[in-house]
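The values are calculated or read from the model by the stated rules, or taken from the named source; none is laboratory data. Note that the structure is predicted; figures quoted are calculated from it, not measured. Methodologically, a virtual Cβ is constructed for each residue, glycine included, from the backbone with ideal geometry; neighbour enumeration extends over all protein chains shown. Each accessible area value is taken on the protein alone, full model and side chains, heavy atoms only, with ligands, DNA and RNA left out. Shrake-Rupley method; radii C 1.70, N 1.55, O 1.52, S 1.80 Å.
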Amino acid sequence: MTETTPTPTIPLWQDVPSDALLDVRGVSLAFGQVRALRDVSMHARRGEVTAIVGDNGAGKSTLIRCISGIHKADEGSIDFDGERVHFRSPEEARSAGIETVHQNLALVEDLTVWQNLFLNREIVRGIGPVKLLDRGAMRKEAERMVSSLAVNVPAVGARVRRLSGGQRQAVSICRAAGFTSKLIIMDEPTAALGVQETARVEELIQRLRDEGHAIVLISHNFAQVLKLSDAVWVMRAGRCVAGRRTAETDGDEIVALITGARAGDLADEPA
Amino acid sequence: MTETSTRETASGGSTSRGAGAAPHTPARPSRAAGLRDLSNWADWAALVGLIVLVVIFQSLNSTFLSPGNIQSMLVASAILIVLAIGQTFVVATAGIDLSVASTMTLAAVVFGMVFTAGHGLPLSMAAAVVAGAMVGLVNGLLVARGRITDFIVTLGTLSAASGLALILSDGKPATIISAPLLKLSTGSIGIFGYSVIVALVIALIAHIVLFRTRFGTHVLATGGNAEAANATGVRTKRVKTWVYVISGVLAGIGSILLVARVGAAEPAANTAFLLNSVAAVVLGGVSLFGGRATIIGPVIGALLLTALVNGLTLLGVSQFYQPLSVGIVVVLAAFLTRFQK
Ligand SMILES: Nc1ncnc2c1ncn2[C@@H]1O[C@H](COP(=O)(O)OP(=O)(O)O)[C@@H](O)[C@H]1O
Ligand SMILES: [Mg+2]
């Protein structure tokens, strides 16, 4: 750690490593009059936790929704794993290896844990042309996925409606990590959790990183960002105003960048 | 009744998981699970209601449970069962199909036209089913792609389909004389008439589709949380379209049973079938908010409504009281579903 935090000579958004897993360039998206994203550029490296921070409404969720195929950017490009991608649906992003844990917990409460884990990834058995669900295989595999978690999740046959917030989050993360994903995006995974549950989800994130997963983490918790991330991007009013290697910054600088008290890396940024 | 709905799997044991992991969140005590299951009794309102009705009617009139009367009740319930199953798929996605009965009427008229033109029974039946499917497709596309409220769309097709039936038939019934159709409406195996066997086979297939196929899971997921289903890549619009097609196809099959029973294809409004199909679904414990459904529930709901009407008729209660009693039973059932978890 450096004792001072000088603005880097080359802004991080221009300093893209050649083997970056995710490279977002100049992405813009407007919802009618609301310009949710304006010329956003950021990237994420393999095997790292990349954090995105910013106030509510800064555009963080919209950005990751563009990456995970829910929204389609009006402008800009997204390269993933060395290829230009134009996802038209979440299905395409998932096929490419991007799994997302959405902020609003994309679980179906009336389905069971195993049904949620395998939603749209169901294992089927062919009986002639008819393909029936292999429920036994899915339950068994779900048991395996869930038992590898550091978070205690009740029987995989339990309906999600009965789970606590932490357990639901664990199921969501488990689903994202369970399939052959190259990138796991988590949108405020600990926002609704208590202290203990947060600690457990953080352990989970660290473990996934140690297992070689690349993770994009959106968080409001600076301590968490500093502890878990390798790089951090700051968003403000639809723009990605700054990027830092986490080791070269501190909480104060990030707060200043978020609030705008400190100018970001963008040359044309209004004061 | 091998019921393996989400409902049942959901009440599976509550063994604590991850023995190696630290005892984080305590596992649910299994006793609590048992109690919760008791609260699911509301899901079985239809079965309880049916049993209560049977006991009451049997004690008032001993011919109620005679084989002959059971057989006629089953036959009388066949069409409603078929329509209620279609309605169930739509309601499971949090939609509603108000056009089922008119679609059936239109399909019956199409049946009559093709048959009268001398194209034979198989082609007439196929035409009826295709006609139903087309109405369903229009419903589905307007709801899913056109983003118009299901209520308005199907209210529109309700009117359009019965209007079309009147135009095509010129308002006149077409008499259908066909030995196989007569057999369909009168033949039986034991106390099970052929028409009710058709309905039960459809119920079995529907059960398998809903609980044993990807499509079925996606139907429940779409109804339970469309946004979440969509985020996992489930094509919720396609699912929403297909459930209306299913409902339309079943209305087409219903029209065949109807023509067989009446012996004619008439452009008559079958409003009671619409109300009763929704009623059977509600009685069957299917959530109108979507995401929770069974097939067996609405089937029992349809049997209950048929038994109610049959029993009242048997007791000599004026026909005028039937709609009233159906209404009371349905509101009562809807009231019970408030206790659903
Ligand atoms: N589907 C949408 N339709 C219209 N406006 C939206 C939509 N999603 C997000 N927005 C708007 O875009 C802006 C950014 O929102 P969001 O990405 O959710 O912010 P964050 O996740 O950083 O809190 C907000 O002004 C929000 O109101
Ligand atoms: Mg957000």
Exercise for the section: Counting only C-alpha contacts under 8 Å and six or more residues apart, can you give the relative contact order of chain A as a whole percent? Expected result: 26
Completion exercise
Cα-based Rg/(2.2 N^0.38 Å) for region B:152-290, rounded to two decimals, is 1.25
Problem - Total formal charge among the other residues, if their Cβ is under 13 angstrom from that of A:R121, Lys/Arg +1 and Asp/Glu -1 - result: -2
Completion exercise
With Cα coordinates, the longest principal axis of chain B makes an angle with the long axis of helix B:67-92, in degrees rounded to 10, of 60
Handout entry: Cβ charges +1 (Lys, Arg) and -1 (Asp, Glu), total dipole of the protein assembly as shown, debye
Key = 1620
Exercise for the section: List every residue whose amide H lies under 5 Å from the amide H of B:A264, counting only residues 5 or more places away in sequence or on a different chain, with H placed 1.01 Å from N in the peptide plane. Expected result: B:I176
Exercise for the section: Calculate the all-directions average of the projected area of the protein assembly as shown's alpha-carbon convex hull, and give it in nm². Expected result: 32.1
Problem - C-alpha long axis of helix A:195-210 to longest principal axis of chain A, angle in ° - result: 90
Exercise for the section: Quick one: check the C-alpha center-to-center distance for region A:125-150 versus region A:158-211, whole angstrom. Expected result: 21
Practice task
Please state, to two decimals, what the Cα-based radius of gyration of chain B comes to when divided by 2.2 N^0.38 Å (N = residues).
Solution key: 1.05
Completion exercise
In Å³ per residue, the alpha-carbon convex hull of chain A encloses 143
Fill in the blank from the handout: With the 8 Å Cα cutoff and a minimum separation of six or more residues, region A:205-271 has a relative contact order in percent of 23
Exercise for the section: Name the residues whose placed amide hydrogens come within less than 5 Å of the amide hydrogen of A:G76, ignoring near sequence neighbours (fewer than 5 apart) on the same chain. Expected result: A:S28
Exercise for the section: Among the listed pairs A:K60/B:K237; A:K72/B:K240; A:K60/A:K131, give every one whose C-alpha distance is greater than 29 Å. Expected result: A:K60/A:K131
Problem - Cα long-axis angle, helix B:236-262 against chain B (0 to 90 degrees, to the nearest 10) - result: 40
Practice task
Would you work out which of A:L193, A:L21, A:G82 lies farthest towards the positive end of the dipole of chain A, given +1 charges on the beta-carbon of Lys and Arg and -1 on that of Asp and Glu, about the Cα centre?
Solution key: A:L193
Completion exercise
Karplus ³J(HN,Hα) for region A:94-105 (6.51 cos²θ - 1.76 cosθ + 1.60, θ = phi - 60°; Hz, whole; x = Gly/Pro) runs 5, 4, 6, x, 10, 10, 10, 9, 7, 4, 8, 6
Practice task
Evaluate the charge dipole of chain B about its Cα centre and quote only its size in Debye, nearest 20, assuming +1 on the Cβ of each Lys and Arg and -1 on the Cβ of each Asp and Glu.
Solution key: 880
Completion exercise
Sorted by chain and number, the residues with a modelled amide H under 5 Å from that of A:V241, at a separation of 5 or more or across chains, are A:V234, A:M235, A:R236
Practice task
Would you work out what percent of the accessible area of the protein assembly as shown, with all protein chains in place, is carbon or sulfur (probe 1.4 Å)?
Solution key: 62
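How much net charge surrounds B:Y244 when only the other residues with a Cβ under 15 Å from the Cβ of B:Y244 are counted, with Lys and Arg +1 and Asp and Glu -1?
Cβ neighbours under 15 Å give a net charge of +4.
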Exercise for the section: Determine the gain in length on full extension of the stretch A:R144-A:V130; use 0.36 nm per residue of separation and subtract their C-alpha separation, reporting nm with one decimal. Expected result: 2.3 nm
